[in-house]
1. Mind telling me which of the residues Q281, Q238, Q244 ends up being without any contact (Cβ under 8 Å) to a residue 60 or more places away in the chain, over 28 Å from N129 (Cα atoms) and outside the structural domain of H144 (by TED's automatic domain parsing)?
2. Would you please name the residue that is farthest from D299 (Cα to Cα), looking only at residues in the stretch 49-76 that are in a helix (DSSP H, G or I) and within 11 Å of the ligand (Cβ to nearest atom)?
3. Taking the conditions exactly as written (within 15 Å of the ligand (Cβ to nearest atom), of a type in the set (K, R), touching a residue at least 24 places away in the same chain (Cβ under 8 Å) and not assigned by TED's automatic domain parsing to the domain that holds V136), does K46 satisfy them or not?
4. Out of I168, I210, I161, I197, which single residue is under 30 Å from G262 (Cβ atoms) and surrounded by fewer than 22 Cβ atoms within 10 Å (Cβ to Cβ)?
5. Taking the condition of being in contact with a helix residue (DSSP H, G or I) (Cβ under 9 Å, 6 or more places away or on another chain) and over 12 Å from F320 (Cα atoms), how many residues in the stretch 256-282 meet it?
6. May I ask you to verify whether G102 is more than 21 Å from C351 (Cβ to Cβ) and either surrounded by fewer than 20 Cβ atoms within 10 Å (Cβ to Cβ) or at pLDDT below 95 (or both)?
7. Go through the stretch 185-212 residue by residue and tally those that are within 16 Å of the ligand (Cβ to nearest atom) and either part of a helix (DSSP H, G or I) or at pLDDT 95 or above (or both).
8. Can you tell me which residue is farthest from the ligand (Cβ to nearest atom) among those in the stretch 77-93 that are outside any helix (DSSP H, G or I) and closer than 29 Å to H240 by Cα?
Amino acid sequence: MKEFFKLPWGKVEGLAQEYGTPLLILSLKQVEHNYEFLRQHLPGVKIFYAIKSNPDLRLVQKLAEMDCSFDVASEGEITSLVSMGISPDRMVYANPVKTYKGLETAGKTGVRDFTLDSESEIYRIARSNPQARVLVRIRVDNNHSLVDLNKKFGADPKDAIPLMLLAIQEGLEVAGLCFHVGSQNTSADAYLDALSISRRIFDDAALQGIHLKILDIGGGFPIPTGDLNMDMASFMDQIHYGLQSLFPDTEIWAEPGRYLSGTTMNLITRIIGSQIRNGRQWYYLDEGIYGTFSGILFDHWEYEMEVAKTKKGPEIEATFAGPSCDSLDVVFKDYKTPPLEIDDLVLVANCGAYSSASATTFNGFAKAETVIWEEVEEKLQEEIKAVS
Ligand SMILES: *Cc1c(COP(=O)(O)O)cnc(C)c1O
């Protein structure tokens, strides 16, 4: 199994013809591979998939079948999992600031585990969900990540114990500690630093009579695109050894989003416009920044595209824009490509995380349809047989 899913070019044309473009292709085998890889390299760690990275029901279903648990952040995510038959005791409500609707839905459905990072949230949870078990989220500074969530969330580590004491005073069960090192984090050191800070807090808590049971190491594991060139096994093994030496008897949770979903999807989009503007080549695609490419804005992601090998000729630098009437809708600038023509197809791998999840229907463009690779692959083969 490859580290990431990429359609063979031979299939791209057939898929575009059969299903139209823009088209997303999801590989459930890749989902399975990613989950198994995590389980293998972080043995004993309970995995909560952060569904915000890609809430596709078939992807979620696949993970649910493999016994994965889920990190939820809103009433919508809770309700969607409950309606799929996933038990609330497989969910952690990991948004440190929850809406009233979210708290109410958690209470009604029976979600019991919550994270928090402030005094005010302790009072809100104690009032609405007195049966809650809570994990205190601390801030861990990190400059190895693409998106640093510690700017928005996490209590100062020195405030962790006072928060725990207050939560207990308010009648809540304090179960543990959590952090999020930031997203697309490429260094195991960030986790190891966070583990030693956490160890100190666990020890200080014990001195105060608070016996913490759970450490939640959050998400942030990177999407292993070919470009990243990272040894994921060694990255995770380092975290595993850190856990073994510092937390041998603690229940460990993790909340990966992008690592599980990022490599599972490909996009096929088509060139629908071509013109020279101010001496520069512009191509217009039928998918843009308000659709699957929304990750450019929301996740600071740089997508990689590929065109058919049969496209030859001296490379040019071109701008690729999306189909909407907004000038913000530019996907690639000064992108090196062989000259292309109307109707040429463009393939984008590694667009499973924070891409379709944040797509909109702005300007009336429907979201790209998603098909399952393992299902359509068979169908394409049958059709080829039927024709020949
Ligand atoms: C977004 C988020 C995650 C997942 O982050 P990734 O970078 O996708 O792994 C996990 N936990 C929390 C609390 C989050 O907000």
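The values are calculated or read from the model by the stated rules, or taken from the named source; none is laboratory data. These numbers come from a predicted model, not from an experiment. Please note: Cβ atoms are built from the backbone with ideal geometry, for glycine as well, and neighbour counts cover all protein chains shown.
1. Just one listed residue meets the conditions, Q281.
2. Per the stated criteria, the residue is I51.
3. yes
4. I197 is the lone residue from the list that is under 30 Å from G262 (Cβ atoms) and surrounded by fewer than 22 Cβ atoms within 10 Å (Cβ to Cβ).
5. 13
6. no
7. The number of residues fulfilling the criteria is 5.
8. Among them, the one singled out is S87.
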